[in-house]
Amino acid sequence: MKLLLDQGIGRLTVVHLATAGILAEHVGDLGLDRASDTVILETARQMQAVVVTLDADFHQILAMTQALRPSVIRIRIEGLKSEEMAKLLSDVVAQTETELLDGAVISVTPLSIRARTLPIGG
């Protein structure tokens, strides 16, 4: 599974994820640091990657379009350093791998990890 990290996620997270055996790319490294959320979603779909974001807009776009892909992980925890983010993402991917491969939106808070299968209602 490959992750596509949105702009709000630190670029060094890619390095820490690689250490954990998770393939990831950052939108900034792909020249998408100013791209719209729709462009990022389409890029992830083409790459067969899961979007990782701090932004609720991705879930809203998927709901409005009734899309089945790509999966999106929304982190709702502020202030995580790159190494902490990588550890969290490693845990989230391990716990929700089946859902992510099938098409899902994942919401991560300090207390829970919730998964909803795509498509989601608007």
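Assorted remarks:
- Length-normalised contact order for the chain - Cα pairs under 8 Å, 6+ apart - percent: 27 percent
- Among the GluC sites (Glu not before Pro) found in the range 35-92, those both in a DSSP coil and sparsely packed, with 12 or fewer other Cβ atoms within 10 Å of their Cβ, are E78.
- Build a GNM of the chain with springs between Cα atoms under 10 Å apart, and of S112, S90, S71 the one that fluctuates most is S112.
- Choice from A63, A94, A86 with maximal GNM fluctuation in the chain (Cα, 10 Å cutoff): A94
- Loop trypsin sites (Lys or Arg not before Pro), the range 1-71 (other Cβ atoms within 10 Å of the site Cβ: 16 or fewer; DSSP): R11, R34
- Summing charges over neighbours of S71, with a neighbour being any other residue whose Cβ is under 13 Å away from its Cβ, gives +2 when K and R count +1 and D and E count -1.
- Solvent-accessible surface (1.4 angstrom probe) belonging to L23, in square angstrom, nearest 10: 100 Å²
- Extended-chain gain in nm, criterion 0.36 nm per residue less alpha-carbon gap, L54 and V15: 12.2 nm
- Between D102 and L30, the simple spin-label model (points 7 angstrom out along Cα→Cβ) gives 2.5 nm.
- Taking a Cβ cut-off of under 11 Å around L62, the surrounding Lys, Arg, Asp and Glu residues balance to a net charge of +2, with basic ones at +1 and acidic ones at -1.
- Shape class for the range 10-122, computed from the alpha carbon gyration tensor (a ≥ b ≥ c): oblate, with a/c not under 1.5 and a/b at or below b/c.
The values are calculated or read from the model by the stated rules, or taken from the named source; none is laboratory data. Since we're looking at a predicted model, the values are computed, not measured. So basically every Cβ, Gly included, is an ideal-geometry build from the backbone, and we count neighbours across all protein chains shown. Surface accessibility is based on the protein's heavy atoms, side chains included, excluding ligands, DNA and RNA. Shrake-Rupley method; radii C 1.70, N 1.55, O 1.52, S 1.80 Å.
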